[in-house]
Amino acid sequence: MGSISDIEPVTTDATASDMTLNRKGYTTVAMDYGVLYLDDKTKVHLYGTPGRERFDFMWEILSNGGIGMILLLDNTRPNPIKDLQFFINAFKDLIKTAPLVIGVTKTDIKPTPSTETYAALLEKFEMRPPIFEIDSREKEDVKRLVLALLFSIDPGLEG
């Protein structure tokens with residue numbers, strides 16, 4: 001959220017206290033909120049959910065009324081393919097009615113699985129979302145995900 005929001009994001013980060021501590025010092029425990037201004041008249045409200053299953057009660061709350069979903073996958077996790085399958089199942093109700101865009105992070109550290117591998121798996125679910133390799137710290141990379149989501153909603157949008 002910090003890389004894309006045009007306002008100071010609202011975050012609910014807490015010090016990691018379990019295996020997450022091995023990967024990062026903080027973890028989202030409720031939600032993150034930010035705003036992206038597309039132009040003078042148009043803004044996109046951004047809501048980030050915690051990725052940890054123990055905070056899954058927030059997933060339904062935050063996806064209610066959502067117009068789409070951006071899923072970030074950490075390629076350095078032990079089994080990111082399993083992570084993808086887990087989140088597709090967890091958010092299946094939202095994905096049925098709203099577009100999905102996937103950003104794969106840390107491919108510079110661990111290049112596999114590739115975006116093609118993710119696409120092949122999603123094809124088995126009859127899903128063909130846009131998939132991008134990104135650096136989630138880079139505003140332009142994250143903005144590309146948001147724009148892909150908006151173009152999935154309305155292909156007639158101008159870039």
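The values are calculated or read from the model by the stated rules, or taken from the named source; none is laboratory data. Note that the structure is predicted; figures quoted are calculated from it, not measured. Ideal geometry is used to build each Cβ from the backbone, glycine not excepted, and the neighbour counts take in all protein chains shown. Just so you know, the surface numbers come from the protein's heavy atoms only, side chains and all, with ligands and any DNA or RNA stripped out. Shrake-Rupley method; radii C 1.70, N 1.55, O 1.52, S 1.80 Å.
How are the Cα pair distances of the range 82-159 distributed, in percent, across 5 Å bins from 0?
Bins of 5 Å from zero give 3, 14, 23, 25, 22, 11, 3, 0 percent of pairs.
Ordering Val142, Val101 by how much accessible area each has at a 1.4 Å probe, largest first, what is the list? It would help to have the intermediate numbers written out before the result.
On the way: Val142 25, Val101 0 Å².
From most exposed to least exposed: Val142, Val101.
Sort the following peptides by mean Cβ neighbour count (other Cβ atoms within 10 Å, averaged over residues), highest first: 62-72, 34-44.
62-72, 34-44
Rank-order 94-100, 150-156 by packing density, defined as the average count of other C-beta atoms within 10 Å over each peptide's residues, highest first.
On the way: 94-100: 16.1, 150-156: 12.0.
Sorting 94-100, 150-156 by mean packing, highest first, produces 94-100, 150-156.
Rounded to the nearest whole Å², what accessible area per residue is found for the chain with the 1.4 Å probe?
Roughly 61 Å² per residue, with all protein chains present.
The range 109-151: which trypsin sites (Lys or Arg not before Pro) are DSSP loop and have at most 16 other beta-carbon atoms within 10 angstrom?
Those that pass, being in a loop and sparsely packed, are Arg137.
Once fully extended, how much extra length lies between Glu116 and Tyr47, figured as 0.36 nm per residue of separation less the alpha-carbon to alpha-carbon distance?
22.1 nm
Applying 1/(1 + (r/R0)^6) with R0 = 35 Å to the Cβ-Cβ distance of Phe125 and Ser3, what FRET efficiency is obtained, to the nearest 0.05? Walk me through the numbers on the way to the answer.
Numbers: r = 29 Å, r/R0 = 0.83.
FRET efficiency, Phe125 to Ser3: 0.75.
Can you pull the percent of the chain's accessible area that's carbon plus sulfur, 1.4 Å probe, other chains left in place?
52 percent
Suppose each label sits 7 Å from its Cα in the direction of the beta carbon; what would the Asn79-Ile67 distance come out to in nanometres?
3.7 nm
Taking DSSP loops as anything outside H, G, I, E and B, show the longest stretch in the chain free of GluC sites (Glu not before Pro) there with at most 12 other beta carbons within 10 Å.
Counting only loop sites that pass the neighbour cut-off, the longest clear stretch is 1-125.
Work from the charge dipole of the chain (Cβ charges, +1 for Lys and Arg, -1 for Asp and Glu, about the Cα centre) and give the residue of Ala90, Ser3, Val104 farthest towards its positive end.
So the residue we want is Ala90.
Give me D for the chain in µm² s⁻¹, whole number, from Stokes-Einstein with Rh from the Kirkwood sum over alpha-carbon pairs, 25 °C and 0.890 mPa s.
150 µm²/s
Given the DSSP H assignment, sum -39500 (n - 2.57) over each helix run of at least 4 residues in the chain and divide by its residue total; what's the result at 222 nm in deg cm²/dmol, nearest 500?
Working: 5 runs with 49 residues, N = 159.
It comes out at -9000 deg cm²/dmol, rounded to the nearest 500.
Kindly state, to the nearest 0.05, the FRET efficiency for Asn89 paired with Glu138, given R0 = 30 Å and r defined as their beta-carbon distance.
After rounding, the FRET efficiency stands at 0.55.
Can you tell me how much longer the chain between Thr12 and Asp56 gets when fully stretched, taken as 0.36 nm per residue apart minus their C-alpha distance, in nm with one decimal? It would help to have the intermediate numbers written out before the result.
On the way: separation 44, 0.36 × 44 = 15.84 nm, distance 1.46 nm.
Stretched out fully, the Thr12 to Asp56 stretch lengthens by 14.4 nm.
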